[in-house]
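Student: Before anything else, here's the structure in question.
The values are calculated or read from the model by the stated rules, or taken from the named source; none is laboratory data. For clarity, every value in this text was computed on a predicted model and none was experimentally measured. No Cβ is skipped: glycine too gets one built from the backbone with ideal geometry, and neighbour counts run over all protein chains shown.
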Amino acid sequence: MAGDLPEYYFRVRENGALVFRVETETRQRRIEMEPIAFANMRSGEIKPQGDRRLTGADLARIEAWMAERAQILAARDLDDILRAVDHLNLTAHWAQSRATDAQLDAVTDALLLAMHDLRTVLVRRKAERLAGGAGE
């Protein structure tokens, strides 16, 4: 099993990851995880832990992980939006077929404001895209 482990482990955090080097060739045959850096996804910064110096291989693997992670997060964002479309459809069906007057009273204003805000943003962004595309 120890031979199958990756050389690096990334403990995902809200803003990136704490990066560990995985050591399997210890005298006690234990798996050791040595923290070597923090990768910040927002700024793209890689900070070594303590007074550690990162090797070129360390930096290359961390940068590759950050690029992979950015793709994963972008795909998740799009999936979340598509799920929101499904939820809007389910909400419309609920409001039309099953909601009581009291339930509708509890959610109507919040839904209308959120949908108005979303519509305003989408219309403005579409207009910007169309205006930008007209000049090309």
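Student: Among the numbered conditions (1) exposed (fewer than 10 other Cβ atoms within 10 Å of the Cβ); (2) touching an Asp or Glu at 6+ places or on another chain (Cβ under 6 Å), tell me where GLU32 comes up short.
Tutor: (1)
Student: For ARG52, indicate whether it is of a type outside the set (A, V, I, L, M, F, W, C), part of a helix (DSSP H, G or I) and surrounded by 10 or more Cβ atoms within 10 Å (Cβ to Cβ).
Tutor: So ARG52 does not fit the description; no.
Student: Here's a follow-up. What residue, among those in the range 2-19 that are exposed (fewer than 12 other Cβ atoms within 10 Å of the Cβ) and assigned to a helix (DSSP H, G or I), is modelled with the lowest pLDDT?
Tutor: Per the criteria, the residue is GLY3.
Student: I'd like to know if the range 80-100 contains one or more residues that are under 28 Å from the mean Cα position of the chain (by Cα) and outside any helix (DSSP H, G or I).
Tutor: Checking the range 80-100: not a single residue is under 28 Å from the mean Cα position of the chain (by Cα) and outside any helix (DSSP H, G or I).
Student: Okay, moving on. Got a sec? Which of ASP105, ASP79 is farther than 30 Å from ARG11 by Cβ and of a type in the set (D, E, K, R)?
Tutor: Only one candidate passes the filter, namely ASP105.
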